[in-house]
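Peer 1: Before anything else, here's the structure in question.
The values are calculated or read from the model by the stated rules, or taken from the named source; none is laboratory data. All of these numbers come straight from a predicted model, not from anything done at the bench. So basically every Cβ, Gly included, is an ideal-geometry build from the backbone, and we count neighbours across all protein chains shown. Protein only, heavy atoms only, side chains kept; ligands, DNA and RNA dropped before computing areas. Shrake-Rupley method; radii C 1.70, N 1.55, O 1.52, S 1.80 Å.
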Amino acid sequence: PMTYAQSVNAPIAGLHFDPQGRAFVSTPRLVSASAPATLNILDTGAASGPARLTAFPSVESNAVAGAPDQHLRNVLGFYIDHRNGWLWALDQGFVAGENEAPEGAQKVMVYDLKSGRLVKRIGLDTVADRKGSFLNDIVVDEQRKIAYISDSGRRSAPANQVGLIVVDYASGHPRRVLDNHPGLQVEPGVKVVSHGMEVWPGKPLLLGINGIALSPDGRTLYWTVTTGKHAHAISTHGLRDPRASTATLAAAVRDLGEVGGNTDGIVTGANGRLYITDVTHNGIVQYDPSTQKMSLIASDEGVHWPDTPAIAPDGTLVFTASNLSQHFAGAVKPGEERYELWRLPLKETSSSTQ
């Protein structure tokens, strides 16, 4: 295989588009800490060869050796806020080889999309465990400037410290809710399966709540569990109320039924339908809230671990395939790393056509 100058093995996991159509991707430092940046702009004009990445907001801002509370260390989930012109980056804090996130490293960094200027930093050490948490995904209610974060708790498996974190931009104050709620937890007896094989037999992948998404009006939060098969929802009214009791919130969680397989990311379409990556069936599941139906709308054996779905400016669904299960197992030979983008045209019409 050809090698390229300045190449680095960094999985392309997260994907979001800005209003101009620029593709932003996260390259988490989970497999290796050596990636020069963990948040990048992807050149989508290149037809072949390696992915061409430009660090966002800068290489220096992504420095692993920099002050942990001020530099991006390990971004998996991030969100592009069209209304406010911001990018919300969720920093897991730790990098490959570290057992604990350094103090102050777990954080949300909000950047201006045009200038790359840091608009706000919100620390998460008060609501996430530096050893046990796994801050996975973030979605933002752009109108209310409230972010919701999934903590999969993978680093505390098998007793995953799962939870949901609510971040109010105005106050800069994060809260942890639904702590260890069964609807966020690994489902008992479920194995993660990709391409017909269990992921890491003998040391199974235990990943709780992963992808999260909001309804277009911001009133409903959705999520799925990777080591599980169900999707869940909750009204955000209670989540936004600091006085809501633990019992009230726990009772408000709704089980939307089986997705069909193990899952990773979610995105909401313009009409409120959810598009969920199904890592078991190598494709995309659609959930229609109006009919409450789940359906596998696309699948391809060439897809290896569909990771994050995003809606491109032209309305097409684009998703990353990161092959993460094989990378974590050490089963990918040097020079054979492949991270792909797949496109799926959507029929965003009335549900009666389905």
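Peer 1: Let me check something: with ligands and nucleic acids excluded, how do 198, 103 order by accessible area (1.4 Å probe), largest to smallest?
Peer 2: The residues order as 103, 198, largest area first.
Peer 1: Take 197, 294, 109 and sort them by solvent-accessible surface of the protein heavy atoms, 1.4 Å probe, largest at the top.
Peer 2: Result of the area sort, largest leading: 197, 294, 109.
Peer 1: Return the long-range amide H neighbours of residue 14 (sequence gap of 5 or more, or a different chain), with a cut-off of under 5 Å between placed amide H atoms.
Peer 2: Here 26 satisfy the definition.
Peer 1: For region 58-146, take N as its residue count and report Rg(C-alpha) divided by 2.2 N^0.38 Å.
Peer 2: It is 1.05.
Peer 1: Run the accessible area of the chain with a 1.4 Å probe and give the carbon-and-sulfur part as a rounded percent.
Peer 2: About 51 percent, which is the carbon plus sulfur part of the accessible surface.
Peer 1: Another question, if that's okay. Under a point-charge model restricted to the Cβ atoms of Lys and Arg (+1) and Asp and Glu (-1), what is the dipole moment magnitude of the chain relative to its Cα centre, in debye to the nearest 20?
Peer 2: The dipole magnitude comes to about 420 debye.
Peer 1: With a 10 Å cut-off between alpha carbons and a GNM built on the chain, which of 84, 262, 62 moves the most?
Peer 2: Comparing 84, 262, 62 in a Gaussian network model of the chain, the most mobile one is 84.
Peer 1: Something else now. Can you show me the helix-derived [θ] at 222 nm for the chain, built from DSSP H runs with n ≥ 4 at -39,500 (n - 2.57) apiece and divided by the number of residues, rounded to the nearest 500.
Peer 2: Helices in the chain give a 222 nm mean residue ellipticity of -1000 deg cm²/dmol.
Peer 1: Under 10 Å, Cα contacts only: if you run a Gaussian network model on the chain, which one of 333, 107, 293 comes out with the highest mean-square fluctuation?
Peer 2: Taking springs between Cα atoms under 10 Å, the residue moving most is 333.
Peer 1: Ordering 246, 54, 320 by how much accessible area each has at a 1.4 Å probe, largest first, what is the list?
Peer 2: Descending order: 246, 54, 320.
Peer 1: Continuing with this model, one more query. With every protein chain left in place, what is the accessible area of residue 134 in Å² (1.4 Å probe, nearest 10)?
Peer 2: Surface accessible to solvent at residue 134 totals approximately 10 Å².
Peer 1: Please calculate the 1.4 Å probe accessible area of residue 301, with all protein chains present, and give it to the nearest 10 Å².
Peer 2: 130 Å²
Peer 1: Whole number please: convex hull volume per residue, Cα atoms of the chain, in Å³.
Peer 2: Spelled out: Cα convex hull of the chain, divided by residues, is 131 Å³.
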